[in-house]
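The values are calculated or read from the model by the stated rules, or taken from the named source; none is laboratory data. Just so it is clear, the structure is predicted and the values come from calculations on it, not from any experiment. SASA here: full protein model, heavy atoms, side chains in, ligands and nucleic acids out. Shrake-Rupley method; radii C 1.70, N 1.55, O 1.52, S 1.80 Å.
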Amino acid sequence: MSTTTAASVQLIRNATILVDVGDTTFLVDPMFAALGENPPVPNSPNDRRNPLVPMPAVDLSYDAVVVTHRHPDHWDEAAIEELEATVPLFCQPEEAAAFADEGFTDVRPVDENTSFEGVTLHRTPGRHGHGQLAAEMGPVSGFVFEGEETVYVAGDTIWYEPIAETLDQFDPDMVVLNGGEAQFEQGKPITMGIEDISAVRDATDGTVVVVHMEAINHCLLTRDELRSATADVHVPDDGEQISL
């Protein structure tokens, strides 16, 4: 494990975060919609309009954008309109053409790994739910940002063996998990709940940060519930930064 303290993660809202590694900042999964601008997630347990909370007043300065997958709570019309078309944009290979179709001119699909301004980006596996539902949710990825320190952003996934393997392989200084225990009317949750997060906490010596909470109507696990049920896990509020 690294003993330096340069890396940090700032939660903007939901899964939208700023990842700082060395002198490079990545904007991950931008969702810029205004409060209540989008409809509820279909087939979900309530009809609250999304997002449930407004964007916090934060300085959105970054060098590149990373999109783990194109679900609308990770990539939305407001982000498409606001982002510069020339921004370096890292993504899953399966989704590169869609970003190009939206007018982005520096789309960089990541097969296994690539580098950017002193940081190596490794694309990692994820499973967005259980069984057939996970297959229907489409491909999802995580990303490891490796510089002097290493930050692992797991993306929309449950706990399963490839997450443990990624932790073993990269030994990250910080791990960012998408919590909220998002679910539909039928089937098991499609993002991490208390048991998943606790399994990650037991599997790593790194700092564990949980985001993707209290912003989308089908994310039912609250921050207070998670904080009371776990130890040594950071559950930031919107706008809050967690540093090593």
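Any chance you could look up the accessible area of HIS71 with a 1.4 Å probe, heavy atoms only, rounded to 10 Å²?
50 Å²
Which order do ARG227, ARG70, ARG48 take when ranked by solvent-accessible area (1.4 Å probe, heavy atoms of all protein chains), largest first?
ARG48, ARG227, ARG70
Using alpha-carbon positions, what is the distance between the centroids of region 1-66 and region 129-194, in Å?
Cα centroid of region 1-66 versus Cα centroid of region 129-194: 16 Å apart.
Enter the accessible area of GLU117 (Å², nearest 10), with the probe set to 1.4 Å and all protein chains included.
My reading of the accessible area for GLU117 is about 120 Å².
Sorted by accessible area with a 1.4 angstrom probe, largest first, how do LEU52, LEU11 fall?
LEU52, LEU11
Can you sort TRP159, TRP75 by 1.4 Å-probe accessible area, starting with the largest?
Descending order: TRP159, TRP75.
With an 8 Å cut-off on Cα pairs and a minimum separation of 6 or more residues, tell me the relative contact order of the chain in percent.
22 percent
Bin by bin, in steps of 10 Å, what percent of the Cα pairs in the chain do you find, going until the bin that has the longest distance?
Reading upward from the zero bin: 8, 35, 40, 17, 1.
Using a 1.4 Å probe on the protein heavy atoms only, what accessible surface does SER115 show? Give it in Å² to the nearest 10.
Its accessible surface works out to 80 Å², give or take rounding.
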